[in-house]
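To start, the structure under review is shown below, and the notes come after it.
Throughout, read-outs are computed from the coordinates displayed, never taken from laboratory work. Everything numeric here is computed off the predicted structure, so don't read it as measured data. Positions of Cβ are generated from backbone atoms using ideal geometry, with glycine treated the same way; all protein chains shown enter the neighbour counts.
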Amino acid sequence: MSTQAPNTARRTRRRRSAVATRLAGMLLALGLVVAVLVLLVRLISPDDADKDQSPAALSAMMTPVPTAVPTPVPTPALPAVDVTGWELRLIDFDHPLGEDFVPESLTDVGDGQQMDSRVAPAFLQLMQAARTDGFEPYVCSGYRDYATQHVIYFDNHVNVYMAQGMSEEEANARARLAVNYPGASEHQSGLCVDVLEYAGQDMEPYIGGSGLMLWLEQHCAEYGFVIRYPNNKTNITGVEYEPWHLRYVGEEAARYIMDHGLCLEEFLALYDPGLTATPVPSPVPTPIPGAVG
Ligand SMILES: [Zn+2]
């Protein structure tokens with residue numbers, strides 16, 4: 001038995017060393033697996049270490065991100081013009097010039113017509129440009145005084161419609177679409193003019209969109225004028241389409257108005273809606289019962 005003892009001890013030692021080797025190998029493998037896992041986690045979220053973990057940052061992360069942030073559309077800046085100046089004065093039924101208004105100075109602009117002297121040079125340049133492009137414009141109507149407007153409104157429109165059978169109210173409503181009420185016509189300001197291709201041309205909306213009318217629409221702004229009563233703006237201006245009626249507003253305003261397809265009322269409202277609002281009549285004071293005046 002004793003001769004076998006050293007062999008047994010050797011076998012036991014060999015077995016123990018084999019177990020230790022296997023254990024070491026397993027530990028090494030485990031270590032490798034852990035290392036690879038750590039590396040993978042790092043690779044998948046490489047920025048985690050850099051992330052701000054402060055409460056403020058965490059709360060910012062919790063805040064829901066708005067889904068559709070609208071991209072602001074750049075709007076061309078409105079021209080820096082004085083909308084309360086004489087060039088941009090709104091003249092209509094609710095904003096009349098009044099019976100006594102007369103322009104300070106008038107200048108002949110051809111065909112027996114006159115305009116406010118401050119705008120006549122620009123208009124004459126516009127007419128010269130039209131002639132250069134082959135037209136022979138006829139200045140149909142410029143400045144008109146109150147009395148003339150009265151005749152045009154009543155004798156040439158209201159009375160004619162009434163003779164055709166309309167009531168006075170109907171005749172006035174029809175007349176106001178075609179011609180401004182006395183005292184409320186731009187023609188009394190001297191700032192506007194009616195231009196036709198030739199004397200006697202029909203003043204009907206259909207003449208717009210071609211010939212001289214189209215040319216005026218394309219070029220009037222270069223000289224500070226606008227088509228005052230554009231097509232499809234009757235609901236705002238209260239006047240039917242008049243491709244022949246040019247109103248001076250100054251070059252900057254004119255270019256903006258024509259480029260954006262506006263009428264004067266829409267342009268003024270961009271600055272101050274109060275400029276185009278219908279004035280509210282001052283209330284009639286109610287008599288206090290029993291009060292002694
Ligand atoms: Zn006119």
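Results, tabulated for the structure shown:
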{"read-out": "Residues Ser141, Ser185, Ser105 arranged by fewest to most Cβ contacts within 10 Å", "value": "Ser105, Ser141, Ser185"}
{"read-out": "Förster radius 25 Å - calculated FRET efficiency between Ala277 and Gln218, Cβ distance, rounded to 0.05", "value": "0.20"}
{"read-out": "Other-chain or far-sequence residues with amide H under 5 Å of Ser141's (modelled H)", "value": "Asp194"}
{"read-out": "Per DSSP, loop chymotrypsin sites (Phe, Trp or Tyr not before Pro) in region 160-217 with at most 15 further Cβ within 10 Å", "value": "Tyr198"}
{"read-out": "Projected label distance in nm at Asp155 and Asp108, using a 7 Å step from Cα toward the beta-carbon", "value": "2.5 nm"}
{"read-out": "Estimated distance in nm for a label pair at Leu90 and Gln201, the labels positioned 7 Å out from Cα along Cα-to-Cβ", "value": "3.0 nm"}
{"read-out": "Relative contact order of region 144-262, defined on C-alpha pairs under 8 angstrom at six or more residues apart (%)", "value": "24 percent"}
{"read-out": "Overall dimensions of region 137-212 as given by Cα atoms, namely Rg and Dmax in Å", "value": "13.7, 38"}
{"read-out": "3J(HN,Hα) from dihedral phi, region 230-245, Karplus parametrisation 6.51/-1.76/1.60, rounded to Hz, x for glycine, proline", "value": "x, 5, 6, 10, 4, 5, 9, 7, x, 10, 5, 3, 10, x, 8, 8"}
{"read-out": "log10 of Debye I(q)/I(0), alpha-carbon scatterers only, for region 172-279 at 0.13, 0.21, 0.23, 0.24 Å⁻¹", "value": "-0.47, -1.27, -1.50, -1.59"}
